[in-house]
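Shown next, in structure tokens, is the structure this report addresses.
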């Protein structure tokens with residue numbers, strides 16, 4: 001018979017689940033848990049400077065490892081601060097377990113100090129959530145939280161634990177089994193056969209890969225499917241890296257900031273094979289006019305994605321790995337010379353224009369110079385905005401989980417803590433966080449965490465002293481009325497970085513910016529690499545919000 | 001101008017959904033939130049624990065519009081929902097209840 005407090009039990013169950021690093025901030029209602037965590041030698045706690053930062057660190061770890069990772073917050077403001085990171089994990093299907101402290105059971109509902117209805121508040125943001133009312137429930141709830149977070153379509157799970165439940169003694173015979181992923185549903189064979197027939201019969205097929213391919217670990221299978229069927233392949237923002245961008249069948253990222261030719265190829269497709277993607281509005285533009293000539297095969301592990309936005313001719317519920325494995329023996333080897341040479345012609349005429357690529361002080365040039373200085377082992381994280389789109393367009397992604405970005409929620413402030421998380425999970429890699437001056441300020445306090453943990457994270461700051469993508473939209477769609485998008489004063493980010501204890505280099509004043517950049521990237525440890533860019537450089541092409549993907553500007 | 005839409009007059013058909021769910025505080029919140037978020041009106045709602053007290057049965061009376069299939073898939077996704085069955089409007093559960101609302 002074992003006996004321990006609820007708090008100790010949570011720690012033991014996390015250990016058994018293989019958790020080695022957790023990120024968070026203590027506070028009154030979660031102190032019993034922190035006290036138990038302090039007695040544990042195997043779990044490293046990373047002290048974030050804001051709960052949202054802690055949440056994004058856990059996400060960064062999960063995005064590179066593919067496993068559920070843990071973040072912690074206290075009740076009230078701790079939990080409300082964490083909410084954005086949870087919502088972000090939901091929209092990008094990232095496995096995460098958030099544990100929050102709560103006021104004691106008897107005080108719930110009394111407007112106690114630092115009380116919010118964390119359970120109620122997180123219902124629409126989580127894949128599932130729990131409010132633990134008895135310490136014995138933890139034996140079931142904690143493994144369940146991990147199982148749910150990693151099974152099927154991954155997502156965040158929140159466990160809210162009142163302070164007195166953390167202190168309550170619990171007796172039990174054995175630990176529950178370590179949670180494992182549910183076995184995915186077996187894809188329907190008849191649907192697989194229909195899909196294969198459609199692929200074999202198509203004249204102008206396109207393979208459309210989404211983040212589900214990365215989550216399923218099916219990138220190599222997706223590339224094999226493309227090669228076997230002769231399928232030009234586009235990737236969503238979330239799928240970048242699933243197929244190397246310089247693969248002859250890659251037609252790059254589709255959608256709002258995709259290359260013109262990519263959206264034109266999709267316009268002409270007679271069959272769209274959507275694998276682990278969800279027809280997001282930023283990817284497909286006006287839904288009714290997306291791929292107007294194409295029949296649709298849609299593969300997703302989440303049945304509610306099928307027929308949600310576009311009705312599929314064949315819908316297959318299943319894990320991407322299993323579905324592609326079943327498709328491969330049924331898909332004929334095709335060279336598709338006519339279609340592929342037409343695609344190549346469109347690429348020649350309407351490829352992505354990347355001006356000033358050789359100048360490391362221009363936006364595309366800076367992305368290129370970073371890529372030139374690194375190999376494919378590096379992890380590339382971004383914040384949200386113009387810099388994010390330029391990196392998505394120009395960085396040569398060649399492997400899954402090389403690229404970490406906030407896609408669905410588009411959360412400014414994601415980049416720095418996510419990069420810290422990536423470096424915590426894989427300390428041997430160089431982690432680059434491309435950011436903008438608007439985004440960086442949204443979680444800039446995590447520079448302190450970075451300095452403290454002494455991680456190999458390089459922050460590459462494209463500074464145009466404005467909210468660039470807002471400024472761009474106001475210029476293009478709001479009669480150049482640039483309301484609240486230009487900062488009136490500039491921040492000295494070099495001094496800020498120095499104040500937090502980070503190294504900093506300024507490409508603005510460097511004699512040889514490419515060399516300064518390469519040297520800073522190769523030096524171990526953390527560094528801020530600052531570069532001013534032109535506010536009037538916009539992200540092109542651009543599909544106006546609500547328009548069809550063929551109505552691109554620029 | 002009234003925002004109340006008479007769905008029966010608009011010619012929409014009634015559907016009864018029968019849900020088997022885990023019986024704990026919060027389950028109703030999960031389910032009602034899905035419908036409220038999408039402004040999918042629930043005309044009637046009834047919930048009672050089953051003989052096995054760990055489970056409850058929920059009956060929902062809704063109008064069938066083109067979003068119903070997606071709505072059902074979203075309900076099925078909830079961890080606390082064990083099964084969803086769909087019945088026609090002829091189902092007796094709400095009919096018998098109507099006398100309490102006269």
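The values are calculated or read from the model by the stated rules, or taken from the named source; none is laboratory data. Note that this is a predicted model, so its numbers are computed, not measured. Glycine also receives a Cβ, built like all others from the backbone with ideal geometry; neighbour counts cover every protein chain displayed.
So here's what we get for this one:
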item: Scan of segment A:97-116 for residues that are in contact with a strand residue (DSSP E or B) (Cβ under 9 Å, 6 or more places away or on another chain) and without any contact (Cβ under 8 Å) to a residue 24 or more places away in the chain, ordered by number; result: A:107
item: Residue satisfying condition, being surrounded by 13 or more Cβ atoms within 10 Å (Cβ to Cβ), touching a helix residue (DSSP H, G or I) at 6+ places or on another chain (Cβ under 9 Å) and over 27 Å from residue A:125 (Cα atoms), within set B:91, B:87; result: B:87
item: Residue that is farthest from the other protein chains (Cβ to nearest Cβ) [pool: residues in segment B:8-32 that are part of a loop (DSSP other than H, G, I, E, B) and at pLDDT 90 or above]; result: B:23
item: Some residue of segment A:102-117 being within 10 Å of chain B (Cβ to nearest Cβ) and crowded, with 17+ Cβ neighbours inside 10 Å; result: no
item: Residue within segment A:134-143 that is surrounded by 17 or more Cβ atoms within 10 Å (Cβ to Cβ), within 14 Å of another protein chain (Cβ to nearest Cβ) and over 20 Å from residue A:30 (Cα atoms) present; result: no
item: Extreme residue, surrounded by the most Cβ atoms within 10 Å (Cβ to Cβ), among residues of segment A:268-305 that are more than 14 Å from chain B (Cβ to nearest Cβ) and farther than 22 Å from residue A:257 by Cβ; result: A:299
item: Lone qualifier among B:74, B:66 - being closer than 25 Å to residue A:124 by Cβ, at pLDDT below 95 and within 14 Å of chain A (Cβ to nearest Cβ); result: B:66
item: Some residue of segment A:145-154 being closer than 26 Å to residue B:32 by Cα and touching a helix residue (DSSP H, G or I) at 6+ places or on another chain (Cβ under 8 Å); result: yes
item: Unmet criterion (only one of (1) in a helix (DSSP H, G or I); (2) farther than 28 Å from residue A:125 by Cβ) for residue A:424; result: (2)
item: Matching entry among B:35, B:94, B:40 (being away from every other protein chain (no Cβ under 11 Å), assigned to a helix (DSSP H, G or I) and under 23 Å from residue A:304 (Cβ atoms)); result: B:35
item: Which numbered condition residue A:170 misses (of (1) free of Cβ contacts under 8 Å to residues at least 40 places away in the same chain; (2) over 24 Å from the mean Cα position of the chain (by Cα)); result: (1)
item: Residue within segment B:57-68 that is part of a loop (DSSP other than H, G, I, E, B), surrounded by 16 or more Cβ atoms within 10 Å (Cβ to Cβ) and either in contact (Cβ under 8 Å) with a residue 24 or more places away in the chain or in contact with a strand residue (DSSP E or B) (Cβ under 8 Å, 6 or more places away or on another chain) (or both) present; result: no
item: Matching entry among A:539, A:543 (being outside the structural domain of residue A:468 (by TED's automatic domain parsing), touching a strand residue (DSSP E or B) at 6+ places or on another chain (Cβ under 6 Å) and closer than 20 Å to residue A:388 by Cβ); result: A:543
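Matching residues to (1) touching a residue at least 60 places away in the same chain (Cβ under 8 Å); (2) more than 17 Å from the chain's Cα centre (by Cα); (3) farther than 19 Å from residue A:539 by Cβ:
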| position | (1), (2), (3) |
| --- | --- |
| A:405 | yes, no, no |
| A:411 | yes, no, no |
| A:414 | yes, no, no |
| A:449 | yes, yes, yes |
| A:461 | yes, yes, no |
| A:485 | no, yes, no |
